[in-house]
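Visitor: My structure is below; once you've seen it, I'll send some questions.
The values are calculated or read from the model by the stated rules, or taken from the named source; none is laboratory data. All figures in this text were calculated on a predicted structure; none of them were measured in a lab. To get the accessible areas, we keep the full protein, side chains included, count just its heavy atoms, and leave off ligands, DNA and RNA. Shrake-Rupley method; radii C 1.70, N 1.55, O 1.52, S 1.80 Å.
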Amino acid sequence: MPPAGEQRYEPNEVVIEVASATTRQQITALAQRFRLANLESYSFQLGGTTMVRLRIPDRRSVTTVVRTLETDASVLFRAAELSVRP
């Protein structure tokens, strides 16, 4: 979660890390289940992971979405975090 007052992140995006064996269909299903829009993904062969950037299309906060993802035992991801602004 961002520290109080932190503003250097996209207020309507999250980034999740999934195992590279996770299929596009699984990522799409995860995004739909949590009402998120898949923006882009990058696979890292060396680490065996894929980073997926997702948009929050409704008015839910990043904190709410990350907490929901983290507490759902059926989620296939390894980590969820903020999408940081450049």
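Visitor: Which ones in segment 1-19 are within 16 Å of Glu70 (Cα to Cα) and open to solvent by 100 Å² or more (accessible area, probe 1.4 Å)?
Guide: First, the residues of segment 1-19 that are within 16 Å of Glu70 (Cα to Cα): 1-2, 13-19.
Passing the criteria: only Met1.
Visitor: Another question, if that's okay. Output the number of the condition that Thr22 fails; it satisfies all remaining conditions of (1) among the polar types (S, T, N, Q); (2) part of a loop (DSSP other than H, G, I, E, B); (3) open to solvent by 70 Å² or more (accessible area, probe 1.4 Å).
Guide: Unmet for Thr22, out of (1) among the polar types (S, T, N, Q); (2) part of a loop (DSSP other than H, G, I, E, B); (3) open to solvent by 70 Å² or more (accessible area, probe 1.4 Å): (3).
Visitor: Still on this structure: Could you list, in sequence order, all residues of segment 62-77 that are modelled with pLDDT under 90 and open to solvent by less than 50 Å² (accessible area, probe 1.4 Å)?
Guide: Val62, Thr63, Val66, Leu69, Asp72, Val75, Phe77, listed by residue number.
Visitor: Give segment 31-50 a look and list any residue that's open to solvent by 100 Å² or more (accessible area, probe 1.4 Å) and in a strand (DSSP E or B), or say none.
Guide: Step one: of segment 31-50, the residues open to solvent by 100 Å² or more (accessible area, probe 1.4 Å) are 32-33, 35, 42, 44-46.
Correct list: Tyr42, Phe44.
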